[in-house]
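Okay, so here's the structure we're looking at.
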Amino acid sequence: MKIRKGFVAATVAASVLLSLAPVRADAFCLFNCSYTKTKYPIVLAHGMAGFSSLFGVYEYFYGIPGALRNQGATVYTTSVSQFNSTQQRGEQLLAQVKTIVATTGKGKVNLIGHSHGGLDVRYVAAVRPDLVASVTSVATPHKGADLATYLRAHVSGGSFTESVLAYFVNSLGTVLGLLTGHTNQQDAIAGLDSLTAAGLASFNAVYPQGVPTTACGSGAATVGGIRYYSWSGTGVLTNVLDVSDTPLGLTSLFYSESNDGLVGRCSSHLGTVIRDNYFQNHLDEVNQVIGLVSIFETNPVTLFKGHANRLKNLGL
């Protein structure tokens, strides 16, 4: 029993260190080794129910950190509460950004967030703009997610249904956190409220940086010296071997506009919209599950590398 407990503790400790420790940038590079070498470190922020890596092995941004490092980038993956409000998740992310800035001595970071993580990085940039060079959101519902709005409308506050939902979702978040070596507090209902149309309207009123003022337009490309970008997809059933395609196909039915299964095309817009209709679903956008994405669309790893090169060429 003592040996088993010691092994678990060691595994958890190792996963924490691995989540913040970048691999040597040129460790495996053979060609074009400075293609992604940005001036400032790249920080990847996961979405709801996400993680940095499970047991320090299975990555949320599947294969992406290594591909970026392979061509010169310094990359950090972060971990926040799987389910909580944007403000709470944002504060947790901010603490890690401060550590990264202090460790690297670079002064700033390039933030890239997927799904709810895109709201977290917006929060960090808004409250500590001095630490941020650029903000990029990938499939983030900046105007709200229709599924979240639907669920909130059909789950009454304080009801038995809400209590049961919160219990099971919070438990899932706790387990995911433990598997990544973190024990961040979970609050499923606060997380749900953050992603509704009403929740995002309130959030955008306080933190409007980069948000389009029209229904489906682009936002300000630069705010306070920080560059803002976004991209997203509108594919759903993209690979017959991917078991996640079917549930995303079902959730896509809750949306009135083209979407990736969880985020609408127009809702994903922030700052300079690189593209909003890749043939990718919500998990494809981070190369999940295990890289089973469409062979008829630009690979998501290529998109991340291309964006790093874009930031590099801008001196970021």
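The condition of being farther than 15 Å from Q88 by Cα, assigned to a helix (DSSP H, G or I) and not polar (S, T, N, Q) holds for only one of A153, A126, that being A153. What do you reckon, is V236 more than 22 Å from I295 (Cβ to Cβ) and modelled with pLDDT of 95 or more? No, not satisfied. If you check V301, V286 for being within 22 Å of E59 (Cα to Cα) and in contact with a strand residue (DSSP E or B) (Cβ under 6 Å, 6 or more places away or on another chain), only one passes: V286. Scanning the stretch 251-274 for residues that are within 19 Å of R122 (Cα to Cα) and without any contact (Cβ under 8 Å) to a residue 60 or more places away in the chain yields R265, T272, V273, I274. One residue alone among T174, T140 is in a helix (DSSP H, G or I) and either among the β-branched types (V, I, T) or at positive phi (or both), and that residue is T174. When the stretch 201-239 is examined, which residues are found to be among the aliphatic types (A, V, I, L, M) and farther than 30 Å from N299 by Cβ? Correct list: A201, A205, V206, A215, V223. Within the stretch 104-125, the set of residues being surrounded by fewer than 20 Cβ atoms within 10 Å (Cβ to Cβ), touching a residue at least 40 places away in the same chain (Cβ under 8 Å) and not charged (D, E, K, R) comprises T104, G107.
Does V109 satisfy being within 18 Å of the chain's Cα centre (by Cα) and either closer than 24 Å to H269 by Cα or of a type in the set (A, V, I, L, M, F, W, C) (or both)?
Working: within 18 Å of the chain's Cα centre (by Cα): yes; either closer than 24 Å to H269 by Cα or of a type in the set (A, V, I, L, M, F, W, C) (or both): yes.
Answer is yes for this residue.
The values are calculated or read from the model by the stated rules, or taken from the named source; none is laboratory data. Keep in mind that this is a model prediction, so the values were computed, not measured. Backbone-built Cβ (ideal geometry, glycine too); neighbour counts: all protein chains shown.
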